[in-house]
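The values are calculated or read from the model by the stated rules, or taken from the named source; none is laboratory data. Computed from a prediction, not measured in an experiment: that's the story for all the values here. Quick reminder, even Gly has a Cβ in these numbers, built from the backbone with ideal geometry, and neighbours come from all protein chains shown. Note: areas computed on protein heavy atoms with side chains; ligands, DNA, RNA excluded. Shrake-Rupley method; radii C 1.70, N 1.55, O 1.52, S 1.80 Å.
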Amino acid sequence: MEIHITALKKYYHSEGKVIKALDGVDLSIPANKIFTLLGPSGCGKTTLLRSIVGLETPDEGEIRIGDTIVWSSEKQIDVPTEKRGLGMVFQTYAIWPHMNVFNNVAYPLQNMKLPKAEIVSRVEKTLQFVQLEGFGSRPATRLSGGQQQRVALARALVAEPKVILFDEPLSNLDAKLREETRKELRTFLSELAITAVYVTHDRIEALALSDQIGVMKSGHIIEIGEPKKIYFDSEHQFVADFIGRSNLLPVTIENQGEAYTEVTSSIGDVLCARKEFPADSEITLCIRPEFVDLIKPGEKETLQNVFTGIMKTMVFVGEVYESEIQIGDQLIMVKVDPDSNVQEGDEVVVAIDPDHCLLVSR
Amino acid sequence: MKRTQRFGVCVLVLLFVVGTVFGAGSSEKAVVDSGAMEDKVTMYASITAIEPIIEAFSEKTGIVAENTRLSTSRFVSTVLTEFGAGKLMADVLQGPLPVMEILKEQGVISDYVSPAIENYPDWAKRDGIHLFGIEYVALIYNKDLVAPADVPKRYEDLCDPKWNNQIVMANPASHATTISWLVGLKENVFETEQQWYDFLHGLAANNPMFVASFSPTPAPIESGEKLIGISMPKYIVTKAPAPLAWAQVEQPLMGSPRAIAITADAPHPNAAKAFVDYWLSSEAMSLLAEEVGEYVLTSGVYPPIDGIENAEVIPIRELSDDELVKWGAEFEKIFE
Amino acid sequence: MAKVRHTNLTYLLIGILALLTLAPIVMLVIGSFSEGLRNVGKFTFEKYISVYSDPGLVDILGNTVMFVVGAALFSTILALFLAYLNNRTNIPWKFSFKVLSVVPMMIPHVLFSVSWALLLNPSNGILNLWLQQLFNLSNAPLNIYSIPGMILVEGLLDLPIAYLIISPAMASFDVSLEESSKVFGGGNLKTLFKITLPVLRPAILAAFILCVVRCLASFAVPSVLGMPGRVYVLSTYIYRTVNTGFIADYGKAAAIGMSILVVSISLIYVYRYMTRSSEKYVTVSSRGFKPVVIELKKAKIPLFIVVVLISFILIVLPVLVLLYTSLVPYSMVPSAKAFSMMDLNHWKTVLADPISLLSLKNSLFLGVVGATLGTLLSLFIAYVIVKVKTRTAGILEALSFLSFSFPGIVIGIGFMWFFIKTPLYATIWALLIGYVATYLPYGIRPMTSAFVQIHSHLEESSAVCGASLLTTMRRIVIPLLVPGIVSGWVLMATMFLRELSLSVVLSRPGTEVLAVQILRFSEDGLWGRLSALGIIMIFFSTLLVILANILGNRFKPAHD
């Protein structure tokens, strides 16, 4: 089911200041996809999610789930949370400590007043789906973090809602478990025909899980796109910066070519993927460290965007060296192969593929 | 919104149901009231321990008598509140004379004069208010711990330093009966005001322990925490076998008159008359004297207290509230 | 939960509460500005001028502050100490704490005060006599008729209020907070003072403030112990104003009461201000709460002795005094003679007295039904106070304290002035409503401190799962609140069973209650019968407490 959000506004008033949690958000979330709201803390992503589920009441605007308007300031519609028929996984999991696993999961079905036998079979099916079969009688307080997370998921899924919402559900897990659970979640969700809205501030989580990502900043959605588009081809400096480590250089446009746009920056002239900008807009060049390649001096002539610099620092993090190269006065982050024999202080030559030189507006 | 509305409706329904239950309860009560009009009589009394009279009355007449005890401090406000709302439940009121006079002024008390008042002294008859007893005050001591020779023979003997820290009394700054009694001493016992002041200062010098009213006075005497107190002889009867006795002083005993009357709009007027008539009979007054130790005005009836029939017991003048406050403040200064 | 959703609920509750608590107060305000003795008369300031121009008022205020702050501090600290020992340490005989915490709730305050007078009066107090002999003193070393004596007794009497608020909070405390303190090098004591107590601040403050409010309105201790020592506090000042003379002017009493009311309401706002960021104190989450027990090691035996001593003072002593008094024919210091004179006469008289039996029945009805209704109402109010936290929720909290913070002798009159205008006057329902309205904080306090500790996600997820507000309450919130609910119910039920100040004004033939009957005995000085009835009352209170705990345990989540 699609979710349509129109001109949604939510201001908080605290100690005389106005905090614009949602400042006129327009958003369409496609059906049966995993849609992630990504942004730094305080950007309004959780408020948006809680508005969709009805735990937060916006000031203005409209929220439509499928064909049903669940909230509208103009039409004075406010479908209460429990009537919206959604599923949600909370950051704290919100597993009720006084119930066992079965009762936690059965709760939505019990509220639908389904026959007992059906509840039992559906809960078992769902527990099986999240690989918790046989855990039904376990008290909720005697579960590990990962198990609790899966109980929360089972509870959100058991009533087969058309939309499921996730509020940073992995942030309480340790790194390894988080990675595993992320994969599991991806598998679970792609097996179901369900619209998932996922809130996180973790870019890797967003990239790995999503079909689409919406990046939020101070109450606005600034960009929506598939993970690759967001990563490689974002429109805004903020998005480019937030979604991954990158070198950001202010530039001015020299020349609009057929295939490339030529710009001047602090490391010299750079050929970039072609992009149109209004006349006097301020533009930033975004280069991801992984696209800065160390080359042999002999290859210089055959490549474009070749620069010479000094290797300043090299930090070994496993799969790569995270390094910095000084080109002119500018430090550029670079990923260097772990088997490279370059040393700190060496003079190095690098080339940057123009297709990966991304121009974004500031 | 729906959820809250539904919840609101639930609560309103609940309130309604509860309301109807209340309503039903009270109308039911009304039916009982009108159906059994004269089977019942309700009394508000400040005097305590009168159950024997109430039982005897019910037994004799078949009329159920109910009593609510109202302490003096709540008497006027309760009766006036109910009377003002037209809901005075009492047929019969029993309280100290000053209280009854205030209520009479407010129109609460009927003019009914019981024929039974004939056996009483003239001063006991006051258009509708029947005086039947005196809330008499005396010096009560612990007869186990006080040697007969030490027992006071006059009120002034309380000033003897041997009673230092051995006296208990109700707070003379606030306890109305104690204030009236002390003023009564001035007006009825001591010859000069100076003698009276000397008595007060002497008493104060012995540092008496104050309690809120008369009722907590006997306990410290019984237990020996104190030896003597300004208290009521009726405790000798009600607290028997406690080692209490009264000091048979040469001077008269004094107290506020106790009164009984019928209310102007009594719900059960006939039963009320029957009750007051019975109350004033020698039979009832003997019960009051014998069972409760009260001093009654019916001639020839005395409480079973040794020597009480020889005592002169006189009513004290009723002080107005302004006077009580004034003297209370005065005594507070003297006793500080 | 969304705030808008609760607006209606909040207004509904404000409506109910306003009716319950504002009505008598309005009557009293009118009374305090009216000429004459009736509720309504010509407007006048005269009553205020007359009570507040008393030159003795400064001393009285000084005494009141010392008494109230002292007693409230004493009970709060003692309650903290006991709650900590019970919930956090391996002190033996833990079951005794539950008893310890409620027994003083059931003892009529007058009786408790009188038994302390018997023990510590300077003339022949039993303990004083012992001490005199032991140390060869010429004078009694201790005097109960003094401010410290009053603080001691009132503090002990208010201990259950403080304990029943602090203990559930202590029990559901997230241990990882303490554990992390230890990881960072804090010892047990440091953790206690730097972590445990600050995190428990809402409960501690609630307990303290409730005790302050209660002490301000307390009458038994100031009259039994203060008056003989000539120590006057505001409540005895009111008594004096009302009682000097035959015409009690409750308008004047209400005028004094207003200042107590203002103080109490201000305290409640201070409390709200100090705990405004209650999110900080959310401690129970879905991670579960397993108590970690601190080994007391060497301190175990001394601490245990302290607890035994407190139990002795709080339970054994007063009950023994009651039992003793009910058996001896009159007030006597224990002696061979006293023991030889013991008999069951007082018991026989009480058990044969139809009014005593009727009052027992009425009180039990009021205790059970009243506490249940009161708990239900408190539940919703506490929910709004904690979870909605708007200004209107603040109004709700202040309203709930209104009747409670008025001195008992006065508020009863307010209710009488109010009920006389309704068909409820002189029925048992008037008592029921009056009780619930006046003692709501007993229900609300333990429940708010328990509520504060339930993470909002636990309810929100219930709503997402399709549960209505009532279902969420029934299936999620209430089960998690069971300890708080039991505390609230017990506080209310035991209070209602021995309620005096309202009952004495509102009870009429047919609606007699235990405390009024007890007062009747006390006004006749019949301490023996009073004690017998008192013991019967304690017995039934205990029964109710045990029942409440059994029921509570059945609904309580199984933790493993």
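A few points about this structure:
- Taken as Cα centroids, region B:246-289 and region A:240-304 sit 113 Å apart, rounded to the nearest whole angstrom.
- Using a probe of 1.4 Å on the protein chains alone, the accessible area found for residue C:109 is around 40 Å².
- DSSP H segments from chain B that extend 27 Å or more along their own axis, Cα-based, with Kyte-Doolittle mean of -0.5 or above: B:2-35
- Surface listing: B:150, B:91, A:78 arranged by accessible area from highest to lowest gives B:150, A:78, B:91, probe 1.4 Å.
- When Rg and the Kirkwood radius Rh are both evaluated on Cα atoms of region A:245-361, their ratio Rg/Rh stands at 0.98.
- 222 nm mean residue ellipticity, helices alone, for chain A (DSSP H n ≥ 4; -39,500 (n - 2.57); rounded to 500): -7000 deg cm²/dmol
- Region A:43-148 gives an Rg/Rh value of 1.05, both radii derived from C-alpha positions and Rh following Kirkwood.
- Per-q log10 I(q)/I(0), region B:223-297, q = 0.22, 0.27 Å⁻¹ (Debye; single scatterer per alpha-carbon; no solvent): -1.08, -1.30
- Positive dipole terminus of region B:182-336, leading residue within B:252, B:314, B:278 (C-beta point charges): B:278
- Net charge of neighbours whose Cβ lies under 15 Å from the Cβ of residue A:109, counting Lys and Arg as +1 and Asp and Glu as -1: +2
- Residues of chain B: accessible area per residue with a 1.4 Å probe, Å²: 38
- Note on residue A:41: accessible area approximately 110 square angstrom, rounded to 10, probe 1.4 Å, nucleic acids and ligands left out.
- Under 30 Å from the Cα of residue C:47 - lysines, other chains or at least 8 residues apart: B:87, B:104, B:326, B:333, C:252, C:421
- Residue order for A:339, A:202 - accessible surface, 1.4 angstrom probe, largest first: A:339, A:202
- For chain C, calculated [θ]222 nm from helices alone, where every DSSP H run of n ≥ 4 adds -39500 (n - 2.57): -21500 deg cm²/dmol
- The protein assembly as shown - charge dipole about Cα centre, Lys and Arg +1 at Cβ, Asp and Glu -1, debye rounded to 20: 2220
- The accessible area of residue A:322, taken with all protein chains in place and a 1.4 Å probe, comes to roughly 60 Å².
- Convex hull per residue volume in Å³, alpha carbons only, for region A:137-273: 156
- Those lysines that a straight Cα-Cα span of less than 21 Å connects to residue A:275, excepting residues fewer than 8 apart in one chain: A:228, A:229
- For the protein assembly as shown, Kirkwood radius (reciprocal of mean inverse C-alpha pair distance, Å): 35.7
- For region A:9-85 versus region C:328-377, the gap between their alpha-carbon centres in whole angstrom: 62
- Here, P(r) means the percent of Cα pairs in each 5 Å bin from 0 to the largest distance; for region A:3-238 it is 1, 7, 14, 18, 19, 16, 12, 8, 4, 1, 0, 0.
- Interface area, C with A, accessible, probe 1.4 Å, both sides summed, Å² nearest 100: 2800
- Under 13 Å from the Cα of residue A:335 - aspartates and glutamates, other chains or at least 8 residues apart: A:290, A:293, A:319, A:322, A:324
- The mean count of C-beta atoms from other chains within 10 Å of the C-beta of residues in B:209-220, rounded to a whole number, is 6.
- Highest-fluctuation residue, A:293, A:67, A:280 considered, GNM on chain A with Cα pairs under 10 Å: A:280
- In plain terms, the bigger the Kirkwood radius, the slower the diffusion; for region B:199-336, with that radius from Cα pairs, at 4 °C and 1.567 mPa s, Stokes-Einstein puts D at 73 µm²/s.
- Helical mean residue ellipticity (222 nm; -39500 (n - 2.57) per DSSP H run of 4+; nearest 500) of chain B: -13500 deg cm²/dmol
- Mean separation of Cα contacts under 8 Å, 6 or more apart, over the residue count of chain A: relative contact order %: 16
- For chain C, the Cα-based Rg and Dmax, in that order, read 23.7, 76 Å.
- Put C:448, A:264 in order of accessible area, highest first, and with a 1.4 Å probe you get A:264, C:448.
- Size descriptors for region C:295-395, from the alpha-carbon set: Rg then Dmax equal 23.1, 65 Å.
- Calculated Rg and Dmax of region A:1-74 using C-alpha coordinates, Å: 12.4, 42
- Size of chain B as Cα extents on the principal axes (Å, biggest first): 80, 59, 38
- Contact order normalised by residue count of region A:245-361, Cα under 8 Å, 6+ apart, percent: 31
- Relative contact order %, chain C, counting alpha carbon pairs below 8 Å whose residues are six or more apart: 23
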